[in-house]
Amino acid sequence: MKKLITFALIALFAATAGAATQTLAQKHAKAGVRGNPTQEQCIACHGGSYEALAKQTANVKPNPHGSHMGPVQCDACHNWKGRSNLMCNDCHSFPKLQQKLRPQPKVIQ
Ligand code: HEC
Ligand code: HEC
Ligand code: HEC
């Protein structure tokens with residue numbers, strides 16, 4: 001069963017990979033950032049503090065980095081090696097925000 005799921009995921013990934021889909025890991029590798037950064041390292045490069053990061057996206061409504069949820073773990077939304085997913089949508093429906101987080105073409109799901 002596990003193998004089957006893995007295969008299905010690989011197939012899904014391959015189906016979307018053609019269309020300039022890049023993971024955060026790949027985008028960072030291009031910028032010279034390798035490995036699996038910890039959240040502290042993410043913040044160190046992106047603003048220096050969660051509050052500073054929230055200021056960078058202050059014009060985004062709703063602000064994914066500054067909400068009633070507080071300082072949410074980066075990987076609750078940004079997937080390093082896979083498809084990112086807006087955790088806010090567990091409760092809300094923010095399709096535009098999801099689109100910004102994951103500007104890949106939609107696949108059937
Ligand atoms: C060593 C510094 C460094 C670390 C660590 C780092 N980043 Fe980045 N990040 C960058 C650079 C450089 C870019 C590219 C900036 C650009 O192209 O404008 C970038 C780009 C991004 C982007 C924008 C990608 C896009 O589609 O344009 C996101 C989102 C991001 N990083 C999230 C993260 C997260 C989450 C982590 C931790 C898991 C992380 N970064 C760790 C330096 C870093
Ligand atoms: C609740 C989901 C969520 C969480 C948690 C989250 N982000 Fe984001 N992040 C987003 C979304 C959505 C965008 C796209 C915003 C836009 O450009 O409109 C984004 C954009 C970014 C960008 C690009 C900013 C820019 O100016 O274009 C960086 C860098 C980034 N996030 C880093 C991080 C880091 C580092 C963490 C953890 C400390 C984090 N994010 C946590 C949802 C999230
Ligand atoms: C566990 C469920 C849950 C999650 C996850 C969640 N929210 Fe909410 N959110 C709520 C509830 C409940 C309310 C209050 C609804 C009301 O009073 O109408 C709310 C209200 C809001 C509001 C309305 C403005 C306000 O402050 O009253 C915004 C904007 C919002 N959430 C943004 C976000 C963002 C951005 C995220 C992701 C970082 C997020 N939410 C994640 C449950 C959630």
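Computed from the coordinates by the stated procedures, all read-outs in this text should not be read as laboratory data. Worth saying up front: this structure is predicted, and the values here are computed from it rather than measured. Glycine gets a Cβ as well: all are built from the backbone with ideal geometry, and neighbour counts include every protein chain shown.
With semi-axes defined as the square roots of five times the eigenvalues of the C-alpha gyration tensor, the equivalent ellipsoid of region 16-101 measures 21, 18, 11 Å, largest first. Across the cross-link table entries LYS3/LYS27; LYS27/LYS100; LYS30/LYS61; LYS55/LYS100; LYS3/LYS81; LYS30/LYS96, which are compared at the Cα atoms, the separations over 25 Å belong to LYS3/LYS27; LYS30/LYS61; LYS30/LYS96. Please compute the length gained on full extension between LYS27 and ALA58, using 0.36 nm multiplied by the number of residues separating them and subtracting their Cα-Cα distance. Gain in length upon complete extension: 8.8 nm.
Rounded to the nearest 20 debye, the dipole magnitude of region 16-101 is 360 debye, with +1 charges on Lys and Arg beta carbons, -1 on Asp and Glu beta carbons, and the Cα centre as origin.
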